[in-house]
Each structure stands twice: as C-alpha cells, then as structure tokens.
1. I need the full set of residues from the range 91-105 which are over 14 Å from VAL44 (Cβ atoms) and hydrophobic (A, V, I, L, M, F, W, C), in order please.
2. Can you name the residue in the range 59-84 that is assigned to a helix (DSSP H, G or I) and of a type in the set (Val, Ile, Thr) and, of all such residues, is surrounded by the fewest Cβ atoms within 10 Å (Cβ to Cβ)?
3. One residue is enough: does the range 46-58 have a residue meeting the conditions part of a helix (DSSP H, G or I), without any contact (Cβ under 8 Å) to a residue 12 or more places away in the chain, of a type outside the set (A, V, I, L, M) and out of contact with any strand residue (DSSP E or B) (no Cβ under 7 Å at 6 or more places or on another chain)?
4. Out of all the residues in the range 1-48, which are among the basic types (Lys, Arg) and over 20 Å from PRO67 (Cβ atoms)?
5. Mind listing just one residue for me: the one in the range 20-34 that is in contact (Cβ under 8 Å) with a residue 60 or more places away in the chain and outside any loop (DSSP other than H, G, I, E, B) and, of those, surrounded by the fewest Cβ atoms within 10 Å (Cβ to Cβ)?
Amino acid sequence: MKLSDIKGEQALEAMADLIDPLTDIAQDKILVGLLRTRNIAEAVKLGLRKHQRAVLTILAILAQENPETYEPSLAEIPKMLLEILNDKELLDLFWSQAQTTEETSSVSATENTGASEN
C-alpha cells in the first residue's frame with residue numbers, strides 16, 4: 001500500500017508512526033549515500049541488515065498492521081520493498097527526514113566542538 005492510499009485519521013496516525021523509523025534510517029549516512037548514488041540494491045541490503053525493526057515498522061504501517069505483531073513472509077517482502085521504492089510521497093518524507101538529520105548534525109557538530117562563528 002502506498003502512503004497516499006491511507007486516508008483520514010489513519011493517515012495522521014500513520015504519519016506520526018512513520019517519523020521515528022524513517023528518522024532512524026535517514027540517520028545512516030552510508031545508507032543515504034548509497035541511495036543518493038542510486039545503489040539501490042546495496043542500500044536495501046544495508047537497511048534490511050542494520051535497521052530491521054525500522055523496516056518492519058514501516059512495512060507494518062503501510063500494510064495497516066500492528067508493528068509489534070507484524071510478520072511478513074519472505075515472499076511478501078520484495079513486493080513491499082518495491083512498492084516503497086516507488087512511493088513518491090514516502091520517499092519525499094524520507095528525504096525530508098534525511099535533510100533534517102543532516103542539518104541537525106551539522107549544527108550539533110559546531111556546538112559540540114565549541115567552535116565559534118568568529
């Protein structure tokens with residue numbers, strides 16, 4: 001199911017529930033770099049290995065299932081991943097989280113090192 005298929009109150013709940021797992025994945029600089037260079041297969045492999053809980057949560061939300069109990073079959077996962085990779089609205093949300101994460105870390109780095117603007 002695409003993000004745009006979820007409507008009304010369910011859409012608000014889905015949006016709130018997606019923020020944390022998307023942010024978790026968007027903070028992975030290696031994965032984001034792979035996506036930017038269009039190395040999709042490696043990005044997906046890394047995401048499935050390093051961010052299993054986040055990926056399962058996203059899949060559950062899009063399937064309108066409970067993330068705590070959702071267990072997709074091996075046969076379902078590739079189809080769902082293809083849907084995610086072709087879901088413009090979900091990808092836009094992901095990239096906005098990645099951009100926010102990059103902006104926050106660049107500000108934090110200056111603050112954490114004690115560097116001044118002068």
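1. Those that are over 14 Å from VAL44 (Cβ atoms) and hydrophobic (A, V, I, L, M, F, W, C): LEU93, TRP95, ALA98.
2. Result: ILE77.
3. Yes, the range 46-58 contains at least one residue that is part of a helix (DSSP H, G or I), without any contact (Cβ under 8 Å) to a residue 12 or more places away in the chain, of a type outside the set (A, V, I, L, M) and out of contact with any strand residue (DSSP E or B) (no Cβ under 7 Å at 6 or more places or on another chain).
4. LYS29, ARG36, ARG38, LYS45
5. THR23
Yes/no per residue for (1) out of contact with any helix residue (DSSP H, G or I) (no Cβ under 6 Å at 6 or more places or on another chain); (2) of a type in the set (S, T, N, Q); (3) closer than 28 Å to THR104 by Cα:
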| position | (1), (2), (3) |
| --- | --- |
| MET1 | no, no, no |
| GLN10 | yes, yes, no |
| LYS29 | yes, no, yes |
| ARG36 | yes, no, yes |
| ILE40 | yes, no, yes |
| ILE58 | no, no, yes |
| ILE77 | yes, no, no |
| GLU83 | yes, no, no |
| LEU90 | no, no, yes |
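Since every read-out is calculated from the coordinates, none of them should be taken as a lab result. Bear in mind that the values here come from a model prediction, so they are computed numbers and not experimental data. Note: ideal-geometry Cβ built from the backbone for every residue, glycine included; neighbour counts use all protein chains shown.
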